[in-house]
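The values are calculated or read from the model by the stated rules, or taken from the named source; none is laboratory data. Remember, it's a predicted structure, so these values are computed and weren't measured experimentally. All Cβ positions, glycine included, derive from the backbone under ideal geometry; neighbour counts span all protein chains shown. Heavy atoms of the whole protein, side chains included, go into the accessibility calculation; ligands, DNA and RNA do not. Shrake-Rupley method; radii C 1.70, N 1.55, O 1.52, S 1.80 Å.
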Amino acid sequence: MTQLQEEPRSYGSGRPRPLTRRFVAALSCCLVGIAAVSACGDGDGSGEAESATSTSSTPTTVVTGSEPATDTPLEADTTPSEPAYTEESEPDEDPYATDPETESGDEDDGLEDASGVPRGEWSGTAQVTVDFADPGCAADSRSYALPATLIIDEPVGTEANSFHLSWASDDQTADGAFGVTSAQSGTDTVDGESVEIAYWSLSDDGDGSFSGQLTDTAAAAGASLNLLFVPKPLFQCGTYTSFPYGMNTDTTIEGSITEDSASVTLSGTTVDGTRSFRVEWT
């Protein structure tokens, strides 16, 4: 009986491939197939293979929201901050507040001391002397002694003087009667308009002495109040009667006043220049 022996197959090189190589190749294909199937099962192509790779790499620290426990205190921010300034508002000034340095019960005395001339009223006897010479007549002189009253008060209306002066004989109809007023403030009885007339310009030395000059007779306005009543002839050189003469702007006054006494001298001429006069109170 004849036994047949199978001849090994030959490939392009004429050399037979060993069986072990076939087995290894087949095993490699199986392993590749298993890996592919496992990759497809992960859904995004990375699968567990990628996860396995990640776990083999250096671990990554994950920071959570809570503060880590540590024995070393956190360093505070030492950067100096700019100081915050707040503007302090000043308290509203009380318009009714009184300065303690100026508050005093002697306010009225301060007003009197502003001029140095005491305010008040003084009575006495005025000595009146009048010299005159009418045209064609001999010169004559007359003297009179008349009770009179002096009043020093606050300025009236718009009077610029530091005090108001009024000095007049008590009887305004007697021969030698006179009247002096430093200013007038009132209302015209005809048209109702306000009337402000400054007749005299007065000054004082701050110690009770004063002086002044008549600056406005107001004759043009018919408001002459500085008058002297002296004889005037009804006909040439005969039968004299008392007549009011306006004082001219050359008339002056001076005096010294204390709380208890007054000394005043008035001198000047009449507007027409025919009478000169002098009134003294000592």
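Summary of computed values
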read-out: Pairwise label distance in nanometres, Thr249 with Ala138, each label 7 Å out on the Cα-Cβ vector; value: 3.7 nm
read-out: Per residue value of the accessible surface for the range 108-244 (all protein chains in place, 1.4 Å probe), Å²; value: 50 Å²
read-out: Rg over Rh [alpha-carbon atoms, Kirkwood Rh] for the range 184-269; value: 1.08
read-out: Förster radius 35 Å - calculated FRET efficiency between Thr125 and Thr187 (Cβ-Cβ, nearest 0.05); value: 0.50
read-out: Rg(Cα) / (2.2 N^0.38 Å) computed for the range 128-201, rounded to two decimals; value: 1.47
read-out: Accessible area, probe 1.4 Å, largest first, for residues Tyr245, Tyr144; value: Tyr144, Tyr245
read-out: Solvent exposure ordering (accessible area, 1.4 Å, most first) of Ile257, Ile197; value: Ile197, Ile257
read-out: Of all accessible heavy-atom area on the range 101-254, the percent that carbon and sulfur account for (1.4 Å); value: 47 percent
read-out: Projected-area mean, the range 236-276, by convex hull of Cα positions, square nanometres; value: 4.4 nm²
read-out: Accessible area, probe 1.4 Å, largest first, for residues Asp207, Asp171; value: Asp207, Asp171
